[in-house]
Amino acid sequence: MYQYDTLDQRLIDERVSEFREQVRRFKAGELSEEAFQQLRLRNGLYLQRHAYMLRVAIPYGLLSAEQLRMLAHLARAHDRGFGHFTTRQNIQFNWPKLDDVPLMLEKLARVQMHAIQTSGNVVRNVTSDQLAGVAGDEVEDPRSWCELLRQWSTLHPEFSWLPRKFKIAVTGAASDRAAIQLHDIGLRLRRSDAGDIGFQVFVGGGLGRMPVIGKLLRDFLPREQILTYVEAILRVYNRHGRRDNPRRARIKVLVNTLGLEAFREQVEAEWHRARANGMQQVQAEWQRIQQHFAPPASDSDAAEDTSLAQWFAADTRFANWVNTNCPAHKTPGYRIVVVSLKAPGVAPGDITADQMDALADLAARYSFGEIRATHDQNLVLAHVRQADLFPLWRALEKQKLATANIGTLTDLICCPGIDYCRLANAGSIDIAAQINARFDDAAQLRELGDVQLKISGCMNACGHHHVGHVGILGVEKNGAEWYQLTLGGSAADDASLGDRLGPAVPKEQVAEVVAAVLDVYLESRQEGERFLDTYRRLGIEPFKERAYAHHSQAADHSRPVAACG
């Protein structure tokens, strides 16, 4: 993984000193709340429902064991003993004291971490495919390009006060595991007909109150020109993006207002002006960075091991875990291990300090000291020998980190909701618990197969409900929590926004309404169909009919239900 040089380290050390002084000035009354807000947000510090929240950057989701141990220390010493992994491959601490934050940032800097630009109207943490470098369908490892973009965008003087926040995602694979069409800029490395590697560029994606699937801006861009092209997009956005209305300030609004062709013309004109010296400079810097992402030295005898079949025969729970949580690795004899942060009774994405310490030790022992955060609020050990899977599984089980549910209904995305977030209208974590309680049978989850469920506590859509196969949105009605369902969304290559099922349902009925929807799938699916395939074939009506028939019956046996939209 990338290692800071003296310039990198000096930048974050000086940033810590600056923020410590800004906190002192705020507490002394020398900075107003409004002035301090802009400063703290650019250092990842929010003011939430109950306390401050610190969001720490994990560039493209990559962590070392040493860094994970530091995160465990911060959770133990400055929070309430746990952290929360997000859908943008970051980690959040929900209870730090303001006086502690400069020290937390100082400790992060010791292990080459920071919270710079994890909030504010800036280019946020660049995200990527959690299987980068180990997936068999990859054209090129995208992480060196992510690091190039990270260095270029950090404290960029021209883009430090954008109209609104700005998010970039990069993948190098044939299958989109980075949700590139849901970002302000989405980049995919691909090979041209001539065999050259370059970028496919999407623009104007995003969720929230105005969900939009990104549009293809350029089908092929020479990879050496990526900074000049991204810079051209940002200049057009910075120049014309709205600043009078935060809800209409994202680049997706500008693209839709101008039209894709007019937006493209402006970007291409800006790009031609900007690229004179870009190619040579970028190529040299990328080659320097790329050296940090060489694959680890694999065991040449790993492919000869035959113990996996023996352990499969001896323990069916282990076999189920491997088949569910351990996708193929491009190197024979190795597996990728997805560590589920979705154990029953645990808020999705939460992990305790003790679990972080244990996982750091396991990563050092079994996966070259490397951990990755995923978009689905899980963690990954990317380089595990098949011969080590059984002892690793047993160790993860002791830490309650071996739930065999990756890719199933209970591997759901969930925002913190009303329990933490001051923007939320309703709870998310308790709905996740309700789903877990209703669908608690491993055989049932395997029968349902690939059903991606995503929950948000408000229209800001931090839980990505718009693109869930089943999406759940919390709304407030007359002081009560109600939930709207959407069906048919996708964040993958076939990206789509879900269709609203109908009126919201009361909180206590959510899991049973989901079950009614899934019953239609089980009864109607054709061979090999996922839930999403069946939904797209049948349309919404049979699902709506069953869901609201169930909703009406449940209402008749409980209490009168007010009309709710």
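The values are calculated or read from the model by the stated rules, or taken from the named source; none is laboratory data. No experiment lies behind these values; they were computed from the predicted model shown. All Cβ positions, glycine included, derive from the backbone under ideal geometry; neighbour counts span all protein chains shown.
Remarks
- Tabulated pairs, segment 7-19, first in contact (Cβ under 8 Å) with a residue 24 or more places away in the chain and among the aromatic types (Phe, Trp, Tyr), second part of a helix (DSSP H, G or I) and surrounded by 13 or more Cβ atoms within 10 Å (Cβ to Cβ), C-beta under 7 angstrom, 6+ apart or interchain: 19/102; 19/105
- Residue 403 meets all of the listed conditions (1) assigned to a loop (DSSP other than H, G, I, E, B); (2) in contact with a strand residue (DSSP E or B) (Cβ under 6 Å, 6 or more places away or on another chain); (3) at pLDDT 95 or above; (4) within 30 Å of residue 457 (Cβ to Cβ) but one, namely (2).
- Within segment 52-78, considering residues that are charged (D, E, K, R) and in a helix (DSSP H, G or I), the one farthest from residue 142 (Cα to Cα): 76
- Listed by position, the strands (runs of 3 or more DSSP E) inside segment 421-534 whose residues that are farther than 28 Å from residue 170 by Cβ and touching a strand residue (DSSP E or B) at 6+ places or on another chain (Cβ under 9 Å) number at least 3 are 470-477, 480-487.
- Selection status of residue 400, at positive phi and touching a helix residue (DSSP H, G or I) at 6+ places or on another chain (Cβ under 9 Å): yes
- Candidates 180, 185: the one that is touching a helix residue (DSSP H, G or I) at 6+ places or on another chain (Cβ under 7 Å) and either surrounded by 20 or more Cβ atoms within 10 Å (Cβ to Cβ) or free of Cβ contacts under 8 Å to residues at least 12 places away in the same chain (or both) is 185.
- Test: residue in segment 120-134 that is acidic (Asp, Glu), surrounded by fewer than 24 Cβ atoms within 10 Å (Cβ to Cβ) and modelled with pLDDT of 95 or more: no
- Residues located in segment 216-238, provided they are among the aromatic types (Phe, Trp, Tyr), closer than 18 Å to residue 180 by Cα and either surrounded by 21 or more Cβ atoms within 10 Å (Cβ to Cβ) or touching a His at 6+ places or on another chain (Cβ under 7 Å) (or both): 229
- Residue within segment 350-366 that is free of Cβ contacts under 8 Å to residues at least 40 places away in the same chain, farther than 30 Å from residue 52 by Cβ and of a type in the set (D, E, K, R) present: yes
- For residue 164: the one exception among (1) charged (D, E, K, R); (2) crowded, with 20+ Cβ neighbours inside 10 Å; (3) farther than 21 Å from residue 120 by Cβ: (3)
- Scanning segment 363-394 for residues that are farther than 12 Å from residue 338 by Cα and aromatic (Phe, Trp, Tyr) gives 366, 368, 390.
- Residues that are farther than 18 Å from residue 403 by Cα and among the β-branched types (Val, Ile, Thr), drawn from segment 328-366: 331
- Conditions (1) more than 14 Å from the chain's Cα centre (by Cα); (2) free of Cβ contacts under 8 Å to residues at least 60 places away in the same chain; number of the one not met by residue 129: (1)
- Number of residues in segment 56-82 that are buried (at least 19 other Cβ atoms within 10 Å of the Cβ), in contact with a Leu (Cβ under 8 Å, 6 or more places away or on another chain) and not aliphatic (A, V, I, L, M) equals 0.
- Scanning segment 351-364 for any residue that is at pLDDT 95 or above, farther than 30 Å from residue 455 by Cα and touching a Pro at 6+ places or on another chain (Cβ under 8 Å) turns up nothing.
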